[in-house]
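Each remark here refers to the structure printed beneath this line.
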Amino acid sequence: MRRILTFNAVLRASARDLASVGVPLALLIALTRSTEVQGAIPLAHFTVVMALLAVAAGGMAAILAHLVGRLAADSRAVWLSIALALDTLGAVPAATIHATFAQAETAVSTARLFAHAAVVVLLGFAAWAPPLPHYWRGWWLSVLGLVLILLVGGVSSGFPGTALAIVNAAPVGLGLAVAGPLAGFAVALAGWLRGNVAVSVIGLGCAILMLAPVGGPGAGDGPVAEFGFTYPSIQLFGMLLALAGLVQLVRRALWAVDSSRVEKQKELLVARQDLVRAAERDHELRNGLAGLAGAAHLFKSPVLGEDAPVLSSAVAAELSRLDTLLEVSDGYPRGVSQVYPVLPVLRQHVALRRSVGMDIRVDAELGLCALGAPGTLAQVLTNVLTNCAKHAPGSPVRIQASKGEDIVRIRISDFGSGVRPGAEELVFEVGVRGERSQGDGLGLHISRRLLEPEGGRIFMRPSQPHEPGCTVVVELQAAVADRPMLPRAAMADLS
């Protein structure tokens, strides 16, 4: 629901802006009137100065309103910018010329009347705030309005009698004199209903702009001229009040743009993280499917040999791991930490790799148990063995597993070209890969991220001149096996 401000809040804001604008203006008028009484500054000169100040303030107000309209996509601000531009460049100069050059009375009075009427209509649109068609632009509507004002003034010069009759018609003057302030108050009311004090202040300023008579006294005439309140003085006061409200709107719009930019940056960061996670999950799925491809081919053969039971359990375990990988959102399945035997996991992956023709062998101590999730070790082995197949094709691969003091150490070695000296840690960064590699540079990075929460680690042994190839070491937290809690197949590996 729209928040409706209390009348006291609007009065406080308006009083603050009226005081900040009115007090300096009143001091300027008092100083000018005192010098004019002494004969130093004629009232006509003072009128021109006030008109110039009003034009300057109106120009700034129109620009700020246009800026708010662009920043906040606010149609009300766009209509206000057009109204302020026409009032600034049409009505104020016309009023000043009307008072200074009597011979141009017909053209100037007609142009002033038309500008005043156009501003009233535009303020009505600002109160209503209808959206502008996408092909309309506020600046060229302002230019179009100024051109029309000049055309009306030029045409009226050819028909002075008719033009003066329209300008001096009492219903026309009375109608605009009433409609002008009402249009300004309508803008203030729209701001009040929307909970926007700045728009209410702008509406009050526009209402003051429209207080000056249209066809009556000129810039230096009228019953208030003796007090220094000429038409440009009233115009300047209203423009400054509207300008004060527009400054608040610009600050609010800039704050909204900055907040939106921060939110977009957060959304972009989340999108990048999701993209990285999707790429990592895709990487793991491809590696797992590559290991299953050879097993699927061998299942067509009636005789699988001694690896048949292990291969069958390996396929089942790998399919279960891939299914879990599809269910998680970040590509990092977090299994329940448990004590599990290491050798069955190693044998399953050896069987999978043998099924695709890899020369691979495992040499492990019996009774090795680790604390963690067996799926983590399976995923790490998949990544490391996939790297062996990519970077050392045809090379034998040897897996050695042994127990230290409180760790289980697994070494995976190939006899390929290895990595260049000094790059043993760099290969664990995201996107780092060999010059001829077609991979994504994610496998080792993912493996390290998987092992760290379980207290494990993975690293690459520095290459030695007399030891060709590459050796990756995986360390897991060692655990003591609880035989009653282990499956029967796992207990067989402990014997």
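The values are calculated or read from the model by the stated rules, or taken from the named source; none is laboratory data. Values in this document were obtained by computation on a predicted structure and should not be read as measured data. Cβ: placed from backbone, ideal geometry, glycine included. Neighbour counts: every protein chain shown. When the accessible area is computed, the model is the full protein with side chains, heavy atoms only, and any ligands, DNA or RNA have been set aside. Shrake-Rupley method; radii C 1.70, N 1.55, O 1.52, S 1.80 Å.
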**Request:** Only residues in region 157-170 that are within 14 Å of VAL108 (Cβ to Cβ) and open to solvent by 60 Å² or more (accessible area, probe 1.4 Å) count as the first member; pair them with residues that are not in a helix (DSSP H, G or I) and not charged (D, E, K, R), Cβ under 6 angstrom, at least 6 apart or cross-chain, and list the lot.
**Result:** ASN168/GLY215
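Quick one: is GLY205 of a type in the set (Gly, Ala, Ser) and either part of a helix (DSSP H, G or I) or surrounded by 16 or more Cβ atoms within 10 Å (Cβ to Cβ) (or both)? Give the derivation first.
On the way: of a type in the set (Gly, Ala, Ser): yes; either part of a helix (DSSP H, G or I) or surrounded by 16 or more Cβ atoms within 10 Å (Cβ to Cβ) (or both): yes.
When the stated conditions are applied, GLY205 passes them.
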**Request:** Within region 470-487, work out how many residues are modelled with pLDDT of 85 or more and over 15 Å from LEU343 (Cβ atoms).
**Result:** 6
**Asked** Out of ALA423, ALA351, ALA389, which single residue is in contact with a helix residue (DSSP H, G or I) (Cβ under 8 Å, 6 or more places away or on another chain) and either open to solvent by less than 10 Å² (accessible area, probe 1.4 Å) or in a strand (DSSP E or B) (or both)?
**Response** ALA351
**Request:** Scan region 444-482 for residues that are open to solvent by 70 Å² or more (accessible area, probe 1.4 Å) and touching a Phe, Trp or Tyr at 6+ places or on another chain (Cβ under 8 Å) and jot them down.
**Result:** ARG449, PRO468
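Quick check on region 118-154: of everything there that is small (Gly, Ala, Ser) and surrounded by fewer than 19 Cβ atoms within 10 Å (Cβ to Cβ), which residue is farthest from GLY69 (Cα to Cα)? Give the derivation first.
In the first step, residues of region 118-154 are kept if they are small (Gly, Ala, Ser); the result is 118, 124, 126-127, 129, 138, 142, 145, 153-154.
In the following step, the residues that additionally are surrounded by fewer than 19 Cβ atoms within 10 Å (Cβ to Cβ) were identified as 124, 129, 154.
Working: GLY124: 17, ALA129: 11, GLY154: 32 Å.
Within region 118-154, the match that is farthest from GLY69 (Cα to Cα) is GLY154.
Hey, can you tell me all the residues within region 355-374 that are modelled with pLDDT under 85 and open to solvent by 20 Å² or more (accessible area, probe 1.4 Å)? Spell out how you get there, then give the answer.
Going through region 355-374, the residues modelled with pLDDT under 85 turn out to be 355-357.
Residues satisfying the conditions are VAL356, GLY357.
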**Asked** Looking at (1) at pLDDT 90 or above; (2) among the hydroxyl-bearing types (Ser, Thr, Tyr); (3) open to solvent by 80 Å² or more (accessible area, probe 1.4 Å), can you tell me which one TYR340 breaks?
**Response** (3)
**Message:** When you check LEU366 against the structure, is it touching a Gly at 6+ places or on another chain (Cβ under 7 Å), farther than 21 Å from MET460 by Cα and outside any strand (DSSP E or B), yes or no?
**Reply:** no
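Assess whether GLN248 counts as being open to solvent by less than 90 Å² (accessible area, probe 1.4 Å) and not aliphatic (A, V, I, L, M). Before you say what the answer is, go through the steps one by one.
Working: open to solvent by less than 90 Å² (accessible area, probe 1.4 Å): yes; not aliphatic (A, V, I, L, M): yes.
Yes; evaluated as a whole, the condition is true for this residue.
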**Complete:** Counted residues in region 402-420 being open to solvent by 60 Å² or more (accessible area, probe 1.4 Å) and among the hydroxyl-bearing types (Ser, Thr, Tyr) come to 1
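Here's the yes/no breakdown for (1) at pLDDT below 85; (2) closer than 21 Å to VAL68 by Cβ; (3) not polar (S, T, N, Q):
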residue	(1), (2), (3)
LEU254	no, yes, yes
SER259	no, yes, no
LYS264	no, yes, yes
ARG272	yes, no, yes
ARG277	yes, no, yes
ARG281	yes, no, yes
LEU298	yes, no, yes
VAL315	yes, no, yes
LEU319	yes, no, yes
**Message:** So, LEU211, is that one open to solvent by 20 Å² or more (accessible area, probe 1.4 Å), in contact with a Pro (Cβ under 8 Å, 6 or more places away or on another chain) and either assigned to a helix (DSSP H, G or I) or at pLDDT 70 or above (or both) or not?
**Reply:** yes
**Item:** Tally, over region 392-401, of residues that are open to solvent by 10 Å² or more (accessible area, probe 1.4 Å) and under 16 Å from ARG347 (Cβ atoms)
**Value:** 2
